[in-house]
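The values are calculated or read from the model by the stated rules, or taken from the named source; none is laboratory data. Computed from a predicted structure; not experimentally measured. Cβ sites come from the backbone with ideal geometry, for glycine too, and all protein chains shown count toward neighbours. Areas reflect the complete protein model, heavy atoms only, side chains present, ligands, DNA and RNA absent. Shrake-Rupley method; radii C 1.70, N 1.55, O 1.52, S 1.80 Å.
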Amino acid sequence: MEAVWEAVALVKLRVAAGRVKLQIPPQEEEEHWAFAYDMLQKVSRSFAFVIQQLGPDLRNAVCIFYLLLRALDTVEDDTSIPTEVKLTILQEFHRHVYNPSWHYSCGTGNYRVLMDKFRYVSTAFLELDQGCQEAIKEITKRMGEGMSKFICKEVETVDDYDEYCHYAAGLVGYGLSRLFHAAGTENLASDQLSNSMGLFLQKIHIIGDYFEDISEIPKRRMFWPREIWSKYVEKLEDLKYKENSEKAVQCLNDMVTNALIHAKDCLQYMSALKDDTVFRLCAIPQIMAMGNFAICYNNVNVFRGLVKMRHGLTARVIDETKSMSDVYTAFYEFSSLLESKGI
């Protein structure tokens with residue numbers, strides 16, 4: 001029966017995504033906005049869907065904010081960029097957003113297209129409300145500076161880990177809270193709650209991407225804190241070897257437990273949201289994160305390849321998340337799954 005419900009949810013999601021896609025401006029009328037929404041679909045399909053359900057002004061601001069951060073991440077993640085060049089780009093990125101002639105070719109696939117045609121994103125950014133521009137500029141500046149700090153610094157302690165996640169995602173929470181407030185849909189959330197919303201999402205990405213990140217060529221970049229993994233192995237890459245499976249799972253469970261401390265703040269943040277579309281934008285990724293924590297917990301396959309929720313289950317989350325009651329139910333169900341696996 002569960003498979004049937006997931007299949008139905010997938011069909012409903014495809015139909016709804018088709019309707020939402022009609023909102024994309026025709027390329028011959030507004031080429032830069034057409035590029036922005038097309039690229040949003042390509043680099044974040046599930047997140048793109050809920051962004052495009054926002055009201056027009058907020059939708060445009062969040063779309064561009066998201067693409068700018070994806071571009072910033074693309075620079076940070078590309079290990080082939082010389083360190084000196086990368087540091088300069090990260091630290092100057094908040095200025096580049098005002099320059100439609102700037103671009104830097106890096107990344108792969110759709111991310112390279114985003115970087116090569118960055119002028120379209122800059123052009124769209126310059127059409128946003130002044131308040132939105134200022135909020136986005138402030139966050140990209142702080143993120144770029146924070147990311148550049150960790151280009152030259154290893155994540156040693158849990159405090160380092162939280163600091164990196166703050167720069168990579170907690171500040172996204174800050175930015176979204178400011179955009180929601182500027183749009184007049186929400187009260188301005190506290191920095192603590194906004195930060196926790198970002199950390200909860202970032203930590204599941206770091207945990208779930210272990211195998212992909214440890215295998216990165218030409219060199220790996222990892223953000224698991226030494227303070228945690230050194231309790232189980234001598235080197236972080238040792239976790240991927242089958243002979244260390246038991247210790248690897250223990251370390252994984254330690255990482256998941258660390259991330260779950262942010263769940264209470266996330267629930268408090270979401271419970272205060274008033275606009276239905278803003279609520280779904282925030283709630284759906286948080287439920288998916290909670291689901292992925294439950295799937296990853298006690299799961300040695302995290303060290304063998306990518307582990308994440310089934311597409312059908314993701315579709316159900318998107319389709320069925322409409323109220324705070326739905327969030328509580330989903331968190332309870334995934335918490336019960338965690339408990340059944342031995343937490």
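Worth a mention:
- From the list Glu127, Glu145, Glu138, the one residue that fits, being modelled with pLDDT of 95 or more, open to solvent by 20 Å² or more (accessible area, probe 1.4 Å) and not in a helix (DSSP H, G or I), is Glu127.
- Checking every residue in segment 299-310 against the condition of being open to solvent by less than 50 Å² (accessible area, probe 1.4 Å), touching a residue at least 12 places away in the same chain (Cβ under 8 Å), under 24 Å from Asp160 (Cβ atoms) and not in a loop (DSSP other than H, G, I, E, B) gives at least one match.
- Answer from Leu201, Leu239, Leu193 - the residue that is aliphatic (A, V, I, L, M), in contact with a Pro (Cβ under 8 Å, 6 or more places away or on another chain) and in contact (Cβ under 8 Å) with a residue 60 or more places away in the chain: Leu201
- Among the residues of segment 215-235, the ones that are aliphatic (A, V, I, L, M) and either within 17 Å of Asn299 (Cα to Cα) or modelled with pLDDT of 95 or more (or both) come to 2 in all.
- Qualifying residues in segment 148-174 (those that are open to solvent by 10 Å² or more (accessible area, probe 1.4 Å) and of a type in the set (Phe, Trp, Tyr)) - the one farthest from Pro56 (Cα to Cα): Tyr167
- Residues within segment 126-183 that are among the hydroxyl-bearing types (Ser, Thr, Tyr), free of Cβ contacts under 8 Å to residues at least 24 places away in the same chain and farther than 17 Å from Gly198 by Cα, tallied: 0
- Enumeration of residues in segment 72-115 that are of a type in the set (D, E, K, R) and open to solvent by 60 Å² or more (accessible area, probe 1.4 Å): Asp77, Glu84, Glu92, Arg95, Arg112
- Of the set (1) in a loop (DSSP other than H, G, I, E, B); (2) of a type outside the set (Gly, Ala, Ser); (3) in contact with a Leu (Cβ under 8 Å, 6 or more places away or on another chain), all apply to Cys251 but (1).
- Segment 223-247 - residue that is in a loop (DSSP other than H, G, I, E, B) and open to solvent by 20 Å² or more (accessible area, probe 1.4 Å) and, of those, nearest to Thr79 (Cα to Cα): Phe223
- Considered as a group, the residues in segment 182-199 that are closer than 18 Å to Ala283 by Cβ and not small (Gly, Ala, Ser) include one that is surrounded by the fewest Cβ atoms within 10 Å (Cβ to Cβ), and that residue is Asn187.
- Taken as a whole, the condition of being crowded, with 22+ Cβ neighbours inside 10 Å, modelled with pLDDT of 95 or more and part of a helix (DSSP H, G or I) applies to Ala289.
- Unique match (being of a type in the set (S, T, N, Q), surrounded by fewer than 16 Cβ atoms within 10 Å (Cβ to Cβ) and more than 21 Å from the chain's Cα centre (by Cα)) among Thr329, Thr257: Thr329
- Residue in segment 44-54 that is assigned to a helix (DSSP H, G or I) and open to solvent by 50 Å² or more (accessible area, probe 1.4 Å) present: yes
- Close pairs from segment 265-280: first assigned to a helix (DSSP H, G or I), partner open to solvent by 60 Å² or more (accessible area, probe 1.4 Å), Cβ under 8 Å, at least 6 apart: Asp265/Gln192; Leu267/Tyr328; Asp276/Lys322; Thr277/Gln53; Arg280/Gln53; Arg280/Lys322
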